[in-house]
Structure formats: C-alpha cells, structure tokens
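This is the structure I have questions about; it appears just below.
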Amino acid sequence: MAFVELRNVFKSYFLHGKRIDVLRDVSLDVEEGELVSLVGASGAGKSTFLHVVGTLDAPAAGHMTFRGRSVFDMNDAELAEFRNRTIGFVFQSHFLLPEFTALENVAMPALVRREDRAQAFRDARALLERMGLAHRADHRPGELSGGESQRVALARALVLRPALLLADEPTGNLDPATGEGIHQLLREVNRELGVTAIVVTHNESLARSMPRRLRLEAGHVFPA
Amino acid sequence: MRSAERQTDYRLGPLWVGGTLAGVGALLLGWALTVLGAWGPASVGLALSAFGFGPLLQALQGLGLLPLVRAMGETTAASPGALLWAGAGLWLLGWGVVAAGIRHRPREEAPSPAQGAPLHGRLQAERDFSWATLLTYGGGILAAELTVVLLQTALSAGVRLTEAAERSGPFSLPPAGAFLVALLAGMGVAFLAGALGAARARRLAAPEATLGILYLGLPLPIFFTLLHAIPSLSITFGPRLREVTYVAGLLGRPELGYWLVFTGLVLTLVLGITVGFVLAGSGRVDARMGYELFVARRHLEVFRPRFLLKLLGVLLLGILPPIVLFAVVRAAQAAVERTRIRMLGLQDPLKAAEALHRLKAKEQSPTQTMTTLSVGGVGVGVMALIIVMSVMSGFEGDLQDKILGINAHAVVYSYEGEIEPYEGVLGDIRKVPGVAAATPFIMNEVMVASEGNVSGAIIKGVDPATVTTVTSLDRDIVPRDAIQHLAHPEEILHRGDALGGAVAGPEAAGEGHGLPESLQDDPIIELPRGEAPGAAAPLPGILLGSELAHSLKVVVGDRVSVVSPLAGGLGPQGPIPRSAAFRVAGVFHTGMYEYDSKFVYILLQEAQRFFNVKGALGVELKVDDVDDARRISRRVLTALEGYPYRVKDWGEMNQNLFAALRLEKLVMAIILSIISIVAAGLIVATVTMLVLEKRKEISVLKALGVPDGGILKIFLAEGLQIGVAGGALGLGAGLAWCWFIAKVGIKLDPEVYYIPSLPVRIEWGQTALAVVIAVLVSFFASIYPALKASRVEPVEGLKAE
C-alpha cells in the first residue's frame, strides 16, 4: 500500500454557470520519501489538485488514503487535525499572518495543536535559527523581504515535521537566485528529514531536478 | 455532479378537484362558525395559524382549537358540530388531493463521468432536516417552560421534596425567590437541550429550531395569555396556576411577564445551540481557547489601556463635548501638519513625501474606527441602562421606604369590626415565624381643629411601647421622644420649648401641671372632658404630620380639638358629634405629602375612650423579609384560624402603585435596550468587516489545521471582546455617574417631587444584569459573522494574488 493513494478523484468548479471538470478520474500513488514535481498549463487544475490532496478542497467524488487510512471520510475536526499533523503547505505568496511576528507565525501550527506555548516558541526559534532567520524572528511579515518571507513560510510548514509537504509554486514570486535558494532548501528537507513532497511549479529547471515528474492535462495526471 | 436537480409537474385534474373540495370545506366551516357565532374565537385560531406554513397545518391547528371554540361558544348544539367536522374534513381532503397532483421527478440528463463513484464524506454529512433535532429543540423549550411553571408552583406552595426537608420545615421560598430559582432551572433545561441538539446534529439547524419553538414553545405562553382573557379557562386552571399568575401579576401586565420569560428561554436555547455547535460542531468536543484568543486579541486589540481610558473619558464627560473637542484638536493638528508638508514640499519633495506617509500611517483603518464605535456603543447602552435603572430604583426605594415607614408591612383586621381582647391575638401573631413585631391600633376619620383652622385627618390610636417596633414613626419627629409623651402627657413640651431641643423634661412637665386652667378655658369645646373635670389632669397628647401642623398653624405644646361627627352615638336628631381637646406632643415628617397632611396619632386608650371601643380595630405587623410579606400574612391568618380575621399585606394595599412602578421600570429597560440593539448592529457590521478583511488569514489558518469550530471561536471571541470591553466601560462610567449623582446631587423641585435631590440606589443585581445583557447581545451579534467566517472556503482565500 502506497503512502498516499488517490483513486478516481473527480473535481469540478463552476464558471459563469458552466461546469468545468478540472480533475477527471485522477488516480495516483506516491511513495514515502518521494520528491514529486507537477507541471501543467495555467488553469489546468494543479492548485486544485494540491488543495484536494491537502484536504482544503472537497472533491466531488473519489477516495484518498494516507498510510492506509481513508481521508475523505473524516469529519471536519479530523480533517483539520490531519492537515495540522501530517501536511505542510507552502504557497506562491507566503501567506503569513500579518498581525503576527515571524516567530509567532512559525509557532502557530504548534499552538493550533495546543502544544505548550513556551515549548512552541522555543521550537519555532530554533527552526528560524537553522534557516538563518534568527535576527528577523520578531519582525512582522510587512518588514521582511520576499525571500525571507518565503523561508519563514517554509519554516512554518515544517515546524511540526509533517509527513507530506505540498508546495504550490513556492518560487513563483521570487527572482531566480532567491528561488534557487528555496529549491535548495526543499531538496535538503526531503533528503535530511525524509519529508515526502509534491511541488507544483512552472520552473523547468526545478521540475527537471526532481526525481519524479508529473504533468496535469485535460483533467488527467500523466508521468512527464 | 450528481443529477440531484428535480423537476416539478403539475397535474391539472387533481388540482381543480382538490381546490373545489377545499373551497366547499371552507364554506362549510364558515357556515358552521356563523351558526355557532364563534367567529371571534375562531379568528384567534386563524391568527395563530399564521405561524404555520401550509394549509394542512393550518387545518390541523384549526381542529386543535375546536375544544377552545366550543368552550367559548354559547351554544353546544350538535348539528353545527357535525357541520364543523364535515367542513374541516373536506378542507383537509381537498388539500390532500391538491398535494397528490403535484409530483417531483428527477431531471433527465446524460450520465456524468463520476456516476457510481463514492460521494465525498463532507458532502455526505450535509443533511437537510432532522426530526430528532427538531424534537430536541422543541422538546427542550417546552420542557424549560414546564420546568419554570411546575418548579415555581412546587417551590412556593411548599411541597415537601424530601424527608430531610420535612424535618427542617416545609421547603418553600418567597414567590420572587421561587420564580428566580425556577427561571434559572428552566434556562438550564433550555440551554442543555440546545447544546445537546446542536452537538448531536453538528450544525446550528436553524429550520429545526424555528419550527420547534413555533410549534412546541409557543402554545404555553399563548395559553397563559388566553388564561387572562377567557373566563372559563381562568376558572378551570387559575387556582392551580395561581403562583405563576401572581408573580406575573406583580408587573401589572401579566402577559408581558409571560412573553418576557418565553423570550428569555428562547434566547437561552439559542445560546445553548450556539455553544453546542461551537464546542462540538467540528465533530469533536473542544472547549479550549488557546490560539483562538491569541488570534482574536491580535485582530482587535481593544484591551489597550490608552484606548479604554480615552473611551471612558468620552463616556464620563458627556459623549458629545469630548468628541467635538477631539475633532477640533485633530483638525487643527492636521492643518498645521499639512501646511508644514506643503512648505517642505517646496524645498525637498522626498522629505515631504516621507512626512505625508507618516501622517497617513497615523490614520485609523475603517475596521479600527468601527471597533471603537462598537465598543463605545455598547458602553453607552450599559451606562444609560445602569444610570436610569439606578435612579428609578432610587425613586421606588424612596417611595417604598416612606410607605413602609409610616405603614405596617401587614395589617390584621376582623370582619367583626373590633378585635377584643386583642392581647391574645397579639400573642398569637407574635409567635408566627417571620413576624418581627406587632402592635394594636384604632383608626378613624376625624376633623382636627386649631384656633384658626380646621382640617380633615385620619386619626390612629397607637400603643407607644410597640408602635415604633412596627413603623418608623420616630424617624423624623420633633421632639425626639414625642411618642413616649403620648403615654405621659404631663411631659409634653410647651409652646416655644420644642425648638430648644434638649429641654429638661421634668421642668417642662412641672410647667404643664401649673397650667390646669387651659382645660377650663377651652374656646372650642364647650363640653367638659368626660371624667373628673375638676382634676388637674393634663391634656392627652397628639402627634401631627408636619403639613397638617403647618396648615393648622400649631406647634408643639399648642392645643387642638379632634371632632368626630359620628362617635357620639345616635341622638334624637341624628348622630351626635363628639370632640376632645389634645395638646400637640410632637410633629412628624415622613416626606410623603399624603401622610404628613392627613395622619394624626394619639394614645390607644384615648382612642378607645373617644370612639367608645374596647379593643383594637386591627393589629399592624412588621415582618422580617419585606418581600415575603404576602406569605407571612397567610401564615398569620392560618395561626389565627381564619375567620373572622383577615390579613392584608403592604403589597396588596399599594398594589397598583408598585405594579405601575415596576412596569414603568421594565418598559424603560426595554426602551433603553434598544441602544444595545443598535450597538449589536454595529458589532455585526464590525465583525463582518473583520471577516471580509481576514478572508485570506482565515484560509491560511484552516490550512494550518484550524477546524471550522476554531474559526468560529476566534470570531465569537472578537465579538465578545467588544461586549466585554464595552460592558466594562459602561459599568465604570455608569457607576461613576451614579456616584456623582448621589454625592454631588441633582436638585429637584421639592414642591413637585418631595425629595430634595435625585435619588440613586444602585442595585447590584440589575447592574450586573445590564453588563451581562451587553455581553450576551454582543455574543449573539457575532454569531452570524462568525458563522460566515467559519464557512470561508480555504481555496478562495488562497488564490494566488
């Protein structure tokens, strides 16, 4: 049994009253520790696919199991816990919470998990230090540069040591040099922590550097 | 997607037939009602059926109201009854046929590619309607109402609940206390039902709640309202429900009481539903508030000391002046700053741009302004409620003090007129638990005449030894021990001495003895006093109210005559008046014009002699708990074994006055609560704006693993923060204003109000209630936006910018 198994997943959205089927009968297996890239044309449904896997969006139909456990049958609280404990998200924009400092942003998942407050902040600070952001810990997102923000966002995604990292064009808003730094970090995380990662990207060099490559087209996922 | 959409077919045949049948049924019903002459009550039923939806339910309701119609109809003839049934039956049948003519069928469509695939769990969990939830909510509200009614009856009627209670005496509470306990218990039931229902259904289930309240909650308050309108109902159920109707009657308008209690129970049910949904709506019970509060506080930041102090200042200084002042100062500042920037701009555009940026950074965001307004609004509402309620309590308390000061808490009369001998009765009464003191009295109407003036008065013969234990006649009386002088007329001060205050008693008495001629030279009364005219007995004493003394132009030591037109008995030419001379022993002041201008007091024995009675006309009581006077009176009556005695308590004697006061206060509170409703609107707007502003953050939080319930809690906490901050501000400002009014005082025209300045009495219960209401209102107000927030789809907020 694969680490993540998707079976017959359907998802459509509605535009001007018309139904657009973005995922049609998608089935996919991802093994533990894999680093997968997903490419596709704009609007092909890459983000939707990632949201469905991350349980942020409910598919119309289909099955997904995670380590053999059926995910789509969970209720809201269980889904939230699943996202909190097993999934780390990184988005194209950093999506940090603007009212909170970098440190508080990184500690937030642990707080949501209701871990001890002091411990959560210690862990968050340690992680920021490892990422070379200790001096920016008490700054709010508005005062951070693009690359710094994205690294804080990555730290927030990783602070609870998720089993699955879902990255949606993490370097889309960054210049090539800064983007390369994020790529480096992603590969390190995959290698050192053994985190399984699915990375949606437009960046050809990043996609080529991944061990497994997928392409989303016409509602189906093909190996690329 | 599934082919869930359906089409509706209308078959014309059944529609026509059913419509005709129903029409004939309606005509028959109308005819039957006309024959019965029961259109009046039936229209009540029709009005009630406006709550129902669908003709079927209306017809059922109509049938359910038949017994009522019959109870009210004058005729009980059988034939209109049959007509009624036939009409109702046809009416139902017709609608049934109509319903059969309407068919839903699935829309035909090409099969979707997902045909047969399993439905996602979250979509599966969406259910439209649950009868179990409806029954939980409806049953809950009904059970809560029954709890209030039954517990109220049980507690105040003294039902023995356990053996232990039996041993320690009957388990019974004063009516107001019993009502409070019953109300709290009922609210508990409603809350639990709501919480359980919502936790089980994992949704708010508004349709179920509405239907449950309409069909199971409304009948009881409607029944109670009709109880007062329909005599036959009142005869059947009135005695059994007397405890409930009594408490409601304390308001003067019992219906208002029932509906207020009903509203309270519905609100508690809704509160329970919300709490149940918040705690368990996500599928797991989670009452903790860790990160939720952290996020909520960062979003709003209402508990900054400077912010709160500024708002408190605005509330304390009369709201408008500080705002005007603030606006003027800000305008001046801005003018100065912009002029400076303009000057800078001529020299160094970069510096000017920086200054402009700083100026703009100082401006508040719309959400901050809204937050300030909402907190201020809640604060104003609470403050107004506290001040007005305290002043009204002040007036009420003042009035009650004055009435109870001069009147007893309860009076025992006899249907036989006189209580004779009264000593035994007095002893029996004093033994009743709850009775603090008792004193006999004789009361009658007389004329009081001085040298120049005459005035009608109510004369009361009292026992100086015990009268002060029952009434506070001695509270404001000149001279201080004037009441004791009644028993010792030789000690009564002479004219001019009273002002001296501490005149030595014996000396004054000596002078009194030295002037026996005043007895003979009575210019008003020709008749010598009944007994021993030659003896140098001093004139008996009399106490006058200050207004009466003023209008008679007498002071302490002066003589007055008391004339009773009837006390002399019946002579050949009709009733013979009797008169006697008294010396003014003291002047009392109660502050109530009615008492100060009408009441005079003499010694009980003098009154017995004057009115020719042997005993007393009644016994006045003082009870330990003023609010429990009614029950203690009943106990006294039981101790006296009923007839010929009867007991009236002060509430009964002044029922209309206090009912009017209470109603006035209640209406005032309701009107002032409108401010809170406006504030609630502000809170809805503020939290909605927050939700719109934070869509992205909500999505991110959900991605981080916050369940819908967590989002709900965050935004409820934000609304609650506004309520708590506003409530605290209002409490502070309200108490400060009350303190100001009490200490500094606002002068009143004593001619009109009989009180020198605005009275204030802070009742902690109602003050706390004002704050609690504000907090609850803000909680209710934030439910809707918080629900909206919890339903934000994470995907929407996470779209790349």
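The values are calculated or read from the model by the stated rules, or taken from the named source; none is laboratory data. Here the structure is a predicted model, which is why all the values come from computation and not from measurement. Because the Cβ atoms are built from the backbone with ideal geometry, glycine has one as well, and the counts that use them run over all protein chains shown. Ligands, DNA and RNA are stripped out before the accessible areas are found, and what is left, the full protein with its side chains, is counted by its heavy atoms. Shrake-Rupley method; radii C 1.70, N 1.55, O 1.52, S 1.80 Å.
Can you list the residues, at least 5 places off or on another chain, whose amide H is less than 5 Å from the amide H of A:Gly33, using H built in the peptide plane?
A:Thr196
Moving to a separate point now. List the residues of region A:18-49 for which accessible area in the full set of protein chains is at least 50 Å² lower than for the chain on its own; 1.4 Å probe, protein heavy atoms only.
A:Arg19
Which FRET efficiency value, to the nearest 0.05, is calculated for B:Ile670 and B:Val35 with the Förster distance at 51 angstrom and r the Cβ-Cβ distance?
With R0 = 51 Å, the Cβ-Cβ based efficiency is 0.70.
Compute the normalised compactness of region A:1-121: alpha-carbon radius of gyration over 2.2 N^0.38 Å, N being the residue count.
1.21
To continue, here is another question. Hey, what do the phi angles of region B:304-313 turn into as Karplus ³J(HN,Hα) couplings, whole Hz, using 6.51/-1.76/1.60 and θ = phi - 60°, x for Gly and Pro?
So the Karplus estimates, Gly and Pro as x, are 6, x, 5, 4, 5, 5, 4, 5, 4, x Hz.
Leaving ligands, DNA and RNA out of it, report the carbon-plus-sulfur percent of the accessible area of region A:1-142 at a 1.4 Å probe.
Here it works out to 47 percent.
Can I ask one more? Tell me which chymotrypsin sites (Phe, Trp or Tyr not before Pro) from region B:400-498 have a DSSP coil assignment and no more than 10 other beta carbons within 10 Å of their own.
B:Tyr415
Percent of alpha carbon pairs in the protein assembly as shown separated by more than 43 Å?
60 percent
Multiply the residue gap between A:Ala2 and A:Asp116 by 0.36 nm, knock off their C-alpha separation, and tell me the result in nm, one decimal place.
37.7 nm
Moving on to the next point. Give a residue-ordered list of calculated ³J(HN,Hα) values for region B:477-491 (Karplus: 6.51 cos²θ - 1.76 cosθ + 1.60, θ = phi - 60°; whole Hz; x for Gly, Pro).
9, 10, x, 4, 9, 4, 5, 5, 5, 4, 7, 10, x, 5, 8
I'd like the mean, over residues of A:69-77, of how many other protein chain beta carbons sit within 10 Å of each residue's own Cβ.
Per-residue shielding by partner chains comes out at 6.
Could I ask something else about it? Quantify how strongly other chains surround peptide A:4-13 by giving the mean number of their Cβ atoms within 10 Å of each of its Cβ atoms.
2
Right, next: Between B:Leu184 and B:Leu359, with labels modelled 7 Å along Cα→Cβ, what's the label distance in nm to one decimal, could you check?
For the pair B:Leu184/B:Leu359, the computed spacing is 5.9 nm.
Grab the alpha carbons of region B:319-363, take their convex hull, and tell me the volume per residue in Å³.
Output value, Cα hull per residue: 45 Å³.
Please go through the residue pairs A:Lys46/B:Lys799; B:Lys402/B:Lys431; B:Lys460/B:Lys614; B:Lys696/B:Lys799; B:Lys694/B:Lys788 and name each one whose alpha carbons sit more than 18 Å apart in this structure.
Listed pairs above 18 Å: B:Lys402/B:Lys431.
Working out 0.36 nm times the residue gap between B:Leu260 and B:Ala332, then minus their Cα-Cα distance, what length gain in nm do you get to one decimal?
Gain in length upon complete extension: 20.9 nm.
Can you run phi through the Karplus equation (6.51, -1.76, 1.60; θ = phi - 60°) for region B:623-636 and list ³J(HN,Hα) in whole Hz, with x for Gly and Pro?
With the stated coefficients, region B:623-636 comes to 10, 5, 10, 4, 6, 9, 4, 5, 6, 5, 4, 5, 4, 4 Hz.
Can you give the alpha-carbon Rg of region B:245-308 over 2.2 N^0.38 Å, where N counts its residues?
After normalising by residue count via 2.2 N^0.38 Å, the value is 1.83.
Something else: Report Rg/Rh for region B:322-395, rounded to two decimals, where Rg is the Cα radius of gyration and Rh the Kirkwood radius.
Rounded to two decimals, Rg over Rh is 1.30.
Taking amide H positions as placed in the peptide plane 1.01 Å from N, state which residues far from B:Ser757 in sequence (5 or more) or on other chains have amide H under 5 Å from it.
Excluding prolines and chain starts, which carry no amide H, the hits are B:Leu748.
Moving on to the next point. Can you figure out the FRET efficiency of B:Ala465 with B:Val324, using R₀ = 41 Å and their beta-carbon distance, to the nearest 0.05?
0.05
Which cross-chain or sequence-distant (5 or more) residues have an amide H under 5 Å from the amide H of B:Thr590, H modelled 1.01 Å from N in plane?
B:Ser546, B:Asp596
Express the carbon and sulfur contribution to the solvent-accessible surface of region B:319-363 as a percent, rounded to the nearest whole number, probe 1.4 angstrom.
Whole-percent figure for carbon plus sulfur exposure: 69.
Can you give the Rg to Rh ratio of region B:188-275, both from alpha-carbon atoms, with Rh computed by the Kirkwood formula?
1.08
Let me ask something additional. Interface size between chain A and chain B, please: total buried accessible area, 1.4 Å probe, rounded to the nearest 100 Å².
4000 Å²
Say R0 is 30 Å: what FRET efficiency, to the nearest 0.05, do B:Arg306 and B:Leu769 get from their beta-carbon distance?
In this case the efficiency is close to 0.50.
I've got another one for you. Where does chain A land on the Kirkwood hydrodynamic radius, alpha-carbon pairs, in angstrom?
After inverting the mean inverse Cα-Cα distance, the result is 18.0 Å.
Right, next: Please give the per residue accessible area of region B:130-280, computed with a probe of 1.4 Å over protein heavy atoms only, in Å².
Here the residues of region B:130-280 average 45 Å² of exposed surface.
For region B:641-735, which GluC sites (Glu not before Pro) pass both filters: DSSP loop (anything but H, G, I, E, B) and at most 15 other C-beta atoms within 10 Å?
Within region B:641-735, the qualifying GluC sites (Glu not before Pro) (loop, at most 15 other Cβ atoms within 10 Å) are B:Glu641.
Also: If you filter region B:536-630 for trypsin sites (Lys or Arg not before Pro), then keep DSSP loop positions with at most 16 other Cβ within 10 Å, what is left?
B:Lys553, B:Lys614
Right, next: Using only the alpha carbons, work out the radius of gyration and Dmax of region B:130-280 in angstrom.
Cα radius of gyration and Dmax of region B:130-280 are 16.6, 49 Å respectively.
With +1 on each Lys and Arg Cβ and -1 on each Asp and Glu Cβ, how big is the dipole of region A:1-89 about its Cα centre, in debye rounded to the nearest 20?
Dipole of region A:1-89, to the nearest 20 debye: 340 debye.
Right, here's the next one. Just counting partner chain Cβ atoms within 10 Å, what average do the residues of peptide A:79-89 show around their Cβ?
Neighbouring Cβ atoms belonging to other protein chains average 5 per residue here.
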